[in-house]
Amino acid sequence: MSKTQTLSEGARKGAPDSPGTAAPAANRWWILSIIGIAQLMVVLDATIVNIALPSAQADLGFSDGNRQWIVTAYALAFASLLLLGGRIADLFGRKPAFLIGVAGFAGASVLGGAANSFGMLVTARALQGVFGALLAPAALSLLNTTFTDAKERAKAFSVYGAIAGAGGALGLLLGGVLTDALDWRWTLYVNIVFAVVAFAGGWVLLNNHRDAANSKLDLPGALLVSAGLFSVVYGFSNAETHDWTSPETWGFLVAGGVLLTVFGWWQTRSAHPLLPMRVLLDRTRAASFIAVLVTGAGMFGVFLFLTYYLQLNLGFSPTKTGVAFLPMMAALMVMAQVSTTVLVPRIGPKAVIPAGFALAAVAMAWLTGIGVDSDFSTAVLPQLILIGAGLGIVMPPAMALATSGVAAEDAGVASATVNTMQQVGGSIGTALLNTLAASAATGYLSGKDATDPMVRARSTIESYTTAFWWSAGFFLAGAVIAFLLYRRGVPEQDPDAAQVVHM
């Protein structure tokens, strides 16, 4: 039988044999592995399908204008339902939310792999987003409540953060290998492998905990925030295909802003708020949410435009493009361990996270030196390694601090907020960088012979480097914001925060 306890006042003062003394889950490292596999499945799908898009388009015969919906359908459903999914996990239990999310994601992947029309593929991608919005916050909140010891928690979040950061690059590699060796459909079918392992492990290892069982679902809040996030992400997605002056762009952005403002007002008055203000108003947590948002926005300058550069300008195959990102992934995973288990516990986030942002900014600025015929080993590889190191310093500790000290009944929605920030940041970054890059290319061609292949190639390079400069700016802004918001010193556990013990 499983039960949830909170530390009594006596236990917090060190009373011996207190019934609330933390007893870590015996299988916690196995639990971390299945959570990591499930998270990897969700993160991969943000990029793995991108490389397969040209093959899918040729097979199903949809237009260039419709191509974006294969990516946008997933992003819209995922981002708009994350907070609702997180609260469902708190209210009805994290184990069923995790298992349903895994099974539903796998089923949607099978549907997408078997798609015989554009509409069927878009529907499958939207369903992936729906179940991903249930799975992702359940996975992170399980991690948050399973690891209560400070040192073990740091190690667990370094692994989770490394997966969250490197998963996008791994998606590019796996997408390229599967598309080249098999078929674009296997970029969706491969999720079955991850899902079977995660579902079996979750079924055996996880216990069900309903830490917010006495609360009720805030239906008005759920509708407001889902509609608001949908409008924001949809507005930024439209900015890629419409002008910023189009009502389909600014109209949805304004509507999203209004809906989210009303949502914030409603949360201060609801008896059972979907996102309690206590989750947002902690200074360190707010700084961490912003750090995740900025990282999501800036990372797309690496994945999106560098993928274009490697394939279209340097002639890399999809598989070789994915391999090119491996050094970045390695640097990210190494620094994830160092930052979360060594640097932040000794120095504190006020110095460490801004330093990581600054390193990534310098590397992005250095990457603007690429040319039409640059050599990968000198013009791209060193910069990629530094970017990976910088993101590894930022992402895992930011994710850990964003959920640290959260009351047990809020773990799911706090975890969902982390995922929401990353997803919305990615949507904002993609829209802004695409628009800025396109404008830079158009400006470069002004007054030049646009039919000259070399001129067009240089205009493309101009678009990439513009995106890299703006990504550097995002990271620099993140460094300043993180330095201003994070408190000095090493973060300490709030003694008044409920510590969850699952036995």
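The C-beta contact set for region 318-345 (first residue in contact (Cβ under 8 Å) with a residue 60 or more places away in the chain and within 28 Å of Arg153 (Cβ to Cβ), second residue outside any helix (DSSP H, G or I) and open to solvent by 40 Å² or more (accessible area, probe 1.4 Å), distance under 7 angstrom, 6+ apart or interchain) comprises Pro345/Val490.
Let's see how each residue does on (1) more than 27 Å from Leu44 (Cβ to Cβ); (2) small (Gly, Ala, Ser):
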{"position": "Phe325", "(1), (2)": "no, no"}
{"position": "Met329", "(1), (2)": "no, no"}
{"position": "Ile353", "(1), (2)": "no, no"}
{"position": "Thr378", "(1), (2)": "yes, no"}
{"position": "Met399", "(1), (2)": "no, no"}
{"position": "Ala402", "(1), (2)": "no, yes"}
{"position": "Ala407", "(1), (2)": "yes, yes"}
{"position": "Ser415", "(1), (2)": "no, yes"}
{"position": "Thr435", "(1), (2)": "no, no"}
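Name the residues in region 61-79 that are of a type in the set (Ser, Thr, Tyr), touching a helix residue (DSSP H, G or I) at 6+ places or on another chain (Cβ under 6 Å) and either open to solvent by 40 Å² or more (accessible area, probe 1.4 Å) or at pLDDT 80 or above (or both), would you? Correct list: Tyr74 only. Apart from one condition, Ile385 fits all of (1) open to solvent by 30 Å² or more (accessible area, probe 1.4 Å); (2) assigned to a loop (DSSP other than H, G, I, E, B); the exception is (2). Per the conditions (1) open to solvent by 40 Å² or more (accessible area, probe 1.4 Å); (2) in contact with a Lys or Arg (Cβ under 8 Å, 6 or more places away or on another chain), the sole criterion not satisfied by Trp470 is (2).
Residues of region 444-461 that are open to solvent by less than 70 Å² (accessible area, probe 1.4 Å) and either touching a residue at least 12 places away in the same chain (Cβ under 8 Å) or closer than 19 Å to Ala361 by Cα (or both): Tyr444, Leu445, Ala457, Ser459, Thr460, Ile461.
Of the residues making up region 367-380, none is part of a helix (DSSP H, G or I), surrounded by fewer than 18 Cβ atoms within 10 Å (Cβ to Cβ), touching a residue at least 40 places away in the same chain (Cβ under 8 Å) and within 23 Å of the chain's Cα centre (by Cα). For region 388-401, enumerate the residues that are β-branched (Val, Ile, Thr) and open to solvent by 10 Å² or more (accessible area, probe 1.4 Å). Result: Ile393, single match. Here Val279, Val254, Val258 are screened, and the one residue that is farther than 30 Å from Thr368 by Cα and in contact (Cβ under 8 Å) with a residue 40 or more places away in the chain is Val279.
Residue-wise test of (1) open to solvent by 10 Å² or more (accessible area, probe 1.4 Å); (2) farther than 17 Å from Gly167 by Cα; (3) under 20 Å from the mean Cα position of the chain (by Cα).
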| position | (1), (2), (3) |
| --- | --- |
| Arg28 | yes, yes, no |
| Ile51 | yes, no, yes |
| Gly129 | no, no, yes |
| Leu140 | no, no, yes |
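At least 3 residues being crowded, with 19+ Cβ neighbours inside 10 Å and out of contact with any strand residue (DSSP E or B) (no Cβ under 8 Å at 6 or more places or on another chain) is the threshold, and among the helices (runs of 4 or more DSSP H) wholly inside region 253-358 those reaching it are 283-308, 318-324, 326-338. Which one is farthest from Ser117 (Cα to Cα) among residues in region 46-60 that are touching a helix residue (DSSP H, G or I) at 6+ places or on another chain (Cβ under 8 Å) and at pLDDT 75 or above? Checking each candidate, the answer is Ile48.
Of the residues making up region 95-126, those that are among the β-branched types (Val, Ile, Thr), farther than 19 Å from Gly61 by Cβ and open to solvent by 40 Å² or more (accessible area, probe 1.4 Å) number 2. For the structure I just gave you, tell me whether Val42 is among the β-branched types (Val, Ile, Thr), closer than 16 Å to Asn419 by Cβ and either modelled with pLDDT under 85 or touching a Cys at 6+ places or on another chain (Cβ under 9 Å) (or both). Yes. All of Thr451, Thr442, Thr417 fail the test of being farther than 30 Å from Leu142 by Cα and assigned to a helix (DSSP H, G or I), apart from Thr442.
The values are calculated or read from the model by the stated rules, or taken from the named source; none is laboratory data. Nothing here was measured: the structure is a model prediction, and the numbers come from that model. Using ideal geometry, Cβ is built from the backbone for each residue, glycine included, and neighbour counts are taken over all protein chains shown. When the accessible area is computed, the model is the full protein with side chains, heavy atoms only, and any ligands, DNA or RNA have been set aside. Shrake-Rupley method; radii C 1.70, N 1.55, O 1.52, S 1.80 Å.
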